[in-house]
Structures are given as structure tokens and as C-alpha cells.
Protein chains: 2
Amino acid sequence: MDDPSTCRRYAGMLDYRRVLAENVKAARKALDLSQEALALEAAIDRTYVSGIERGRRNPSLTMIAKLAERLKTTPAALLSPMTQEQTGK
Amino acid sequence: MDDPSTCRRYAGMLDYRRVLAENVKAARKALDLSQEALALEAAIDRTYVSGIERGRRNPSLTMIAKLAERLKTTPAALLSPMTQEQTGK
């Protein structure tokens, strides 16, 4: 379930929950933040962050914008497939 | 309320509902689709499309991905400020 190559497509469409999951995780690690710290900073529940990073959540635009702000990136970057170079800078 | 310069920022954060609104509208018009036609193709309610184009809705990631697919673009493009050149091509 965690292999991107098998999870990226869902019903013929790119699986953007998976894309978001990978990018949030990479951006969080690049900032050396724990899930708890990110959750605290974004004023959301830690289990929600964990759910997003496992591609189990379907967050709203406002939530994606909030996460992007705390991760010092943009919603567009968080939704771009394979943007590790952006999130890792 | 429809002037982007006054609406783009909301609580100190870029107003991404506004960004999405502008980009959905521009992409839809570039494809010469009515709100009704887009709603039908994306299997959502026309009033929902209208609400998104007025920045009144807070759609989920899945909904954004669905709209992007029908508009022949990507969620990242729909959430990028001032991407008229992308949506218009």
C-alpha cells in the first residue's frame, strides 16, 4: 500500500492523496519537524497529519493551504508529483 | 468582492479559494464550457461549480482533482496564482 508506483493511480486518475502524502512527509522531514510538531503548529490533530501522510485523508483546500504555510511551501508544490527537490531545499 | 487584489489575502494567508475560483473559471472558459456542462462532466451540482467560481466553497482534494481532470489541467495549476497562460493554452 505504501509503494508509490502501485498507488499513484486511482480510478484512472493520478492519486493526488498519495502525491500530497509523499510531499507533506518530505517537506516535514526537510524541516526536521515531527508529526506532533506540525500538527501543533497547524492547530490540527496529530492523527490527521498521520492520516494525510498515509494518503487516507481527503483534506479540504483550506487544510491543504494551512499545511503548506506551516511547511513553508505552497499548495501547488504539495500537489505536484515528485517535487522532492522543492520540498528538500 | 470580485476584485482579486482585495480578495487574494485572507487572514494573512494567500486566499487559495480565490485563486482556485479564478483558475477554474479561466480554464472552463478556455474550453468553452458552461458551468452546467462542467458540472455534468464532473458529476457535481451546477451550484457547486458556481460556488467554487465565486470562492465560496472549500472543496476537498478529491473534488479539486476531479475538476482539474475535466478541465484538462492539474490541481497544482488550479492552485497556482495567476496561471491564466496555462489555463488558456
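I'm checking a number: the convex hull volume of the Cα atoms of the range A:4-79, normalised per residue, in Å³. What is it?
Details: hull volume 6.2 nm³, N = 76.
Hull volume normalised by residue count: 82 Å³.
Of the listed pairs A:LYS25/B:LYS66; A:LYS29/A:LYS66; A:LYS72/B:LYS29, which have alpha-carbon separations greater than 28 Å here? Let's see the in-between values first.
Details: A:LYS25/B:LYS66 23 Å; A:LYS29/A:LYS66 17 Å; A:LYS72/B:LYS29 32 Å.
Among A:LYS25/B:LYS66; A:LYS29/A:LYS66; A:LYS72/B:LYS29, the Cα-Cα distance tops 28 Å for A:LYS72/B:LYS29.
May I ask you to order B:70-79, A:31-40 by the average number of other C-beta atoms within 10 Å around their residues, highest value first? Write out the running numbers ahead of the final one.
On the way: B:70-79: 22.2, A:31-40: 14.9.
Going by the mean number of other Cβ atoms within 10 Å, highest first, we get B:70-79, A:31-40.
For label points placed 7 Å from Cα toward Cβ, what is the shortest-first list of nm distances from A:LYS29 to its copies?
Distances to the matching label points in the other copies: 4.3 nm.
Each value in this text was obtained by applying a stated rule to the coordinates, not by laboratory testing. Everything quoted here is computed from the prediction, not taken from an experiment. A quick note on method: Cβ atoms are made from the backbone with ideal geometry, for glycine too, and the neighbour counts reach across all protein chains shown.
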